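Enquirer: What follows is a single structure, and I will ask about it in a moment.
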Amino acid sequence: MLNYNGYIGHVEFDDENEIFVGEVINMKDVITFQSKTAHGLKRAFIDSIEDYIEFCHKRNEDPERPFSGKFNLRISPELHREAYIAAKISGLSLNTWVSNVMQHAIQDRV
């Protein structure tokens, strides 16, 4: 993983074309980069992000920032009720409870 100003890049090696290809993975807009060498990979990553930001400014648009920490989640009313009850029993807000559950799930994955 590469990181530049909060943007995270994921890289894979394309064996057929013998090139490293990457994509910024923590935003909706698509930013890609590539390099024939591992040494040039980070430079290509940074240049692609800087190009994206410059492109947005030229269009008088705000560049998308990596995840804001807010997202909408669509679940069944029953699951919503059960999560709310579990949060209240735990003495937590629903947001804090869901955040804790997600954090535990991520830690268990590792």
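The values are calculated or read from the model by the stated rules, or taken from the named source; none is laboratory data. Worth saying up front: this structure is predicted, and the values here are computed from it rather than measured. Here Cβ is always computed from backbone atoms with ideal geometry, including for glycine, and neighbour counts include all displayed protein chains. For the accessible areas, the whole protein counts, side chains as well, though only heavy atoms, and no ligand, DNA or RNA atoms are used. Shrake-Rupley method; radii C 1.70, N 1.55, O 1.52, S 1.80 Å.
Enquirer: Just from its helices, what would the mean residue ellipticity at 222 nm be for the chain, if runs of 4 or more DSSP H residues each count -39500 (n - 2.57) and the sum is divided by every residue, rounded to the nearest 500 deg cm²/dmol?
Expert: The per-residue figure over the chain is -15500 deg cm²/dmol.
Enquirer: At 7 Å along the Cα-to-beta-carbon direction for both residue 94 and residue 81, put a label point, then send me their distance in nm to one decimal.
Expert: About 1.3 nm, to one decimal.
Enquirer: Something else: Let me know the Kirkwood hydrodynamic radius for the chain, please, with Cα pairs as the basis and the value in Å to one decimal.
Expert: That comes to 17.0 Å for the chain.
Enquirer: If exposed means no more than 11 neighbouring beta carbons inside 10 Å and the site is in a DSSP loop, what's the longest run of the chain without any exposed trypsin sites (Lys or Arg not before Pro)?
Expert: With trypsin sites (Lys or Arg not before Pro) excluded where exposed in loops, the chain gives 75-110 as its longest stretch.
Enquirer: Moving on to the next point. Say we join alpha carbon atoms closer than 10 Å with springs in a Gaussian network model of the chain; which of 15, 51, 29 then has the biggest fluctuation?
Expert: 15
Enquirer: Provide, for the stretch 1-96, the number of lysine pairs with alpha carbons under 30 Å apart, each pair being eight or more places apart or on different chains.
Expert: Here the count comes out as 9.
Enquirer: Only Lys, Arg, Asp and Glu count, each charged at its Cβ (+1, +1, -1, -1), so figure out the dipole size of the chain about its Cα centre, rounded to 20 debye.
Expert: 660
Enquirer: Oh, and also: All other residues with a Cβ under 12 Å from the Cβ of residue 56 taken together, and with Lys, Arg as +1 and Asp, Glu as -1, what is their net charge?
Expert: -4
Enquirer: Hey, can you grab everything whose amide H is under 5 Å from the amide H of residue 26? Only 5+ residues off in sequence or another chain; H modelled, so Pro and N-termini drop out.
Expert: 8
Enquirer: What's the carbon and sulfur percent of the stretch 1-100's accessible surface, probe 1.4 angstrom, rounded to a whole number?
Expert: Carbon with sulfur: 51 percent of the solvent-accessible area.
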